[in-house]
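Right, one structure below, let's go through it.
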Amino acid sequence: MATTTKKLTDNPIVQRILGLIRKKGKKEKDLTDYLGISSGSISKWKYDGSIVYLKYIEEICEFLDTTPNYLFFGSDGDDCLLIGEKNMLQMYRSLDEGRKKD
């Protein structure tokens, strides 16, 4: 009986997710644990063309410290910040003027 090899999806969003997992030194299991999904779910994204990941896009961005813009388009643009940077900016904006100068 012949064996078949599954072909990795050419979906750029999934490729960016997988690339960021590797780049940040994380594992797919870390992401599945974070999302509370089975490891088979990522396999479905990678090989079966499932787009269920879309309902987790916010959580995926938080986990990978990126933006939906990057995952969807491959670029944040000059005016987009990473989630951690956005949080810092929000904290700064909430300070009174005296604290901002400090």
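Among the listed pairs K23/K46; K26/K55; K24/K44; K55/K100, those with a Cα-Cα distance over 26 Å are K55/K100. Once both labels are positioned 7 Å from their Cα atoms along Cα-to-Cβ, the gap between D33 and F72 label points is 3.1 nm. A straight chain from K23 to K6 at 0.36 nm per residue would run longer than the Cα-Cα distance by 3.8 nm.
Readers should treat all values here as calculations from the given coordinates under stated rules, not as data from a laboratory. Bear in mind that the values here come from a model prediction, so they are computed numbers and not experimental data. With ideal geometry, Cβ positions are generated from the backbone for all residues, glycine too; neighbour counts draw on all protein chains shown.
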